[in-house]
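Have a look at the structure below, then the notes.
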Amino acid sequence: WVKATGFAALGTALLLFIVSTVTNSNASVALFFGIGTSLLITGLSFFWVRLRQSAWISIDPDQVGQIVRLAARNSSRNPGRSLLVTALVSSACFVIVAVGANRQEPGEELRNRNSGAGGFSILARSDVPLHQNLNDLNGRFELGFSDNDSDRLQDVEIIPFRVLDGEDMSCLNLYQPERPRILGVTEAQISRGGFEFQETVRQVNEPWTLLHEQLEPGVIPAFGDFNSVFWILHLRLGQDLTLENELGETVKLRLMGLIKRSIFQSELLISESNFLKHFPSQSGFSYFLVNASSSEIPNIQAILERNLRSYGLDAIPTSEVLRHYLSVENTYLSTFQTLGGLGLLMGTLGLGIVLLRNVLERRTELATLRALGFQRSQLARIVLAENGLLLFLGIFLGSLSALVAVAPHIIESSTPFPWVSLSITLSAVAVVGLTAGTAAIFVALRMPLLPALKSE
């Protein structure tokens, strides 16, 4: 039945992979997690089958040595215990790798236009709307910029947005918003493009042009951040959000596109023309995206905040904005990693306990080997190799299955995969497991030789 379970899990993994090739990206993420879980079950099932065999591993003694060969055979003396240890370690590693791979830390990838920041380095908000053009020399002069500060902004791209104040619709809001904040997207941003879209109602060369779609009367094309729309507003692509405009008319914002992990998690976006049509009293611009080089970010921040202090302008790097949004998600991930770590602790401590019990049950065998000329150090290497084999097999099965589970995230994400941090974590797992095994061996091999031989 174990062999049948292994083949059934393998077949499930293949079936889920076939289904994932014909589904959208959102469904494929869940399907690949199922594939990884099925592969883990497959690996553990076939490992159990091999343990039940008298010689489950074939090693050339001239290449590896008799000690490793003997350790591999000894691990099948009690298959249930060996499988338990490997399953605990592999399950914990699966959780740690799968969760760690989804952790997001904004970095240099934000300089890319197809990222959550759209290539912008600074986000600025003002309490009082600005009516002047910050990209124009005369506009900056009217706002009181000095000649030196104005020249520093000459080569900086600043995209303004109109703002209809409302409730924050990001994960930072504890309540479900009834009237979200709305941004009016100018032609400058629509023609510029950028940002990564999770999905759109249909494939077009430039998704931002969907904001100009002519829909039925009373329906406005809109964009939103995927996480905010899905988890906070509980809406999907193509669905409508109903609200009233300034004229008391009921309008619907139809979600034509969802942006992936963006700086727009607190608001919905519509075109400037639709914004002015339905909210004509909201004049000026209160939301600005600034494209400046990384080295100039502190200087541009200081220039904007110093010259526009009377407007209540606050400029923040987009990396900090995204990090602020991701802090909630990363907190949940840290919680799951902690749970995985507790499971791993149980696995490594259990490994030491199982190893200690195995050695105690085999004390007569070990005493006989010592009487025949084996040194304690040789016996320690045999038992430690047996322990290490189960430990590293568990790490390998869990990590490989987890990498398959998060394959869509690794391929599609613009954030670098945390190879270094996960490698350090898995190395720590190996060190802790080997340390627990070494402690058990040290205690067991210090037992007196003669009483064990007499009992034999």
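The values are calculated or read from the model by the stated rules, or taken from the named source; none is laboratory data. Fair warning: this is a prediction, and the values are worked out from it, not measured in the lab. Virtual Cβ from ideal backbone geometry, glycine too; neighbours counted across all protein chains shown. Areas reflect the complete protein model, heavy atoms only, side chains present, ligands, DNA and RNA absent. Shrake-Rupley method; radii C 1.70, N 1.55, O 1.52, S 1.80 Å.
Return a whole-number percent for the relative contact order of the stretch 288-440, with Cα pairs under 8 Å and 6 or more residues apart as the contact set.
Averaging sequence separation for qualifying contacts and normalising by length gives 34 percent for the stretch 288-440.
Compute the length gained on full extension between GLU365 and GLU206: take 0.36 nm times their separation in residues and subtract their Cα-Cα distance, giving the result in nm to one decimal.
The span from GLU365 to GLU206 would gain 49.9 nm if fully extended.
Between SER455 and SER377, what FRET efficiency follows from the Cβ-Cβ distance if R0 is 25 Å, with the result rounded to 0.05?
0.55
Using only the alpha-carbon atoms, how far is helix 2-20 inclined from the longest principal axis of the chain? Give it as 0 to 90 degrees, nearest 10.
Long axis of 2-20 versus the principal axis of the chain: about 20 degrees.
Stretched out fully, how many nm does the piece from GLN53 to ASN173 gain, at 0.36 nm a residue minus the Cα gap?
Contour length minus the Cα-Cα distance gives 37.4 nm.
Chymotrypsin sites (Phe, Trp or Tyr not before Pro) within the stretch 160-215: which are DSSP loop residues with at most 16 other Cβ atoms inside 10 Å?
TYR175
How much FRET efficiency would the formula 1/(1 + (r/R0)^6) give for ARG357 and SER427, where r is the Cβ-Cβ distance and R0 is 22 Å, rounded to 0.05?
0.25
So if I take the centroid of the Cα atoms in the stretch 279-319 and the same for the stretch 184-256, what is the distance between those two points in Å?
24
Mind listing the phi-derived Karplus ³J(HN,Hα) values for the stretch 368-377, rounded to whole Hz, using 6.51, -1.76 and 1.60 with θ = phi - 60°, and x for any glycine or proline?
Result, ordered by residue: 5, 4, 5, 5, 7, x, 5, 7, 4, 5 Hz.
Order ARG73, ARG192, ARG363, ARG357, most accessible first, counting only protein heavy atoms with a 1.4 angstrom probe.
ARG357, ARG363, ARG73, ARG192
Round to the nearest 10 and report in Å² the accessible area of LEU164, as given by a 1.4 Å probe over the protein chains' heavy atoms.
Solvent-accessible area, nearest 10 Å²: 20 Å².
Of the DSSP beta bridges with both residues in the stretch 173-280, give the percent that are antiparallel, rounding to the nearest 5.
45
For the full complex of protein chains and a 1.4 angstrom probe, list LYS3, LYS252 by accessible area with the highest value first.
So, going from the largest accessible area down, we get LYS3, LYS252.
Taking the Cα of GLU157, stepping 7 Å toward and past its beta carbon, and measuring to each backbone N in the stretch 266-300: which are under 19 Å?
Zone members listed by number: 272, 287-298, 300.
Just to verify a number: what accessible area does GLU329 come out at with the full protein assembly present, 1.4 Å probe, Å² rounded to tens?
Looks like 50 Å² after rounding.
List the GluC sites (Glu not before Pro) within the stretch 163-220 that DSSP assigns to loop and that have no more than 13 neighbouring Cβ atoms inside 10 Å.
Counting only loop positions with at most 13 other Cβ atoms within 10 Å, the GluC sites (Glu not before Pro) in the stretch 163-220 are GLU178.
By accessible area of protein heavy atoms, probe 1.4 Å, what ranking do THR435, THR12 get, highest first?
Solvent-accessible surface, decreasing: THR435, THR12.
State, as an integer percentage, the relative contact order of the stretch 211-302 based on alpha-carbon contacts under 8 Å between residues 6 or more apart.
Value for the stretch 211-302: 31 percent.
Please figure out what share of the DSSP beta bridges in the stretch 216-324 is antiparallel and state it in percent, rounded to the nearest 5.
Of the beta bridges lying entirely in the stretch 216-324, close to 45 percent run antiparallel.
What angle do you read, to the nearest 10 degrees and between 0 and 90, between the alpha-carbon axis of helix 297-307 and the longest principal axis of the chain?
30
How big is the gap, in Å, between the Cα center of the stretch 142-181 and the Cα center of the stretch 320-373?
Centre-to-centre (Cα) distance: 49 Å.
Using a 1.4 Å probe and ignoring any ligands, DNA or RNA, find the accessible area of SER150 and quote it in Å² to the nearest 10.
Result for SER150: roughly 10 Å² accessible.
Where both partners of a DSSP beta bridge lie in the chain, what percent of those bridges are antiparallel, to the nearest 5?
Among the beta bridges of the chain, antiparallel pairing accounts for roughly 70 percent.
Calculate, for LEU137 and GLU249, the FRET efficiency according to 1/(1 + (r/R0)^6) with r their C-beta to C-beta distance and R0 45 Å; round to the nearest 0.05.
E(calc), rounded to 0.05, equals 0.65.
Kindly express, to the nearest 10 degrees and within the range 0 to 90, the angle between helix 419-444's C-alpha long axis and the longest C-alpha principal axis of the chain.
Orientation of helix 419-444: about 20 degrees from the principal axis.
With just the Cα atoms of the stretch 304-456, tell me how far they stretch along each of the three principal axes, in Å, largest first.
Its Cα atoms span 92, 31, 22 Å along the three principal axes.
For the stretch 374-456, which trypsin sites (Lys or Arg not before Pro) are in a loop by DSSP, counting at most 13 other Cβ atoms within 10 Å?
Loop-located and lightly packed - ARG446.
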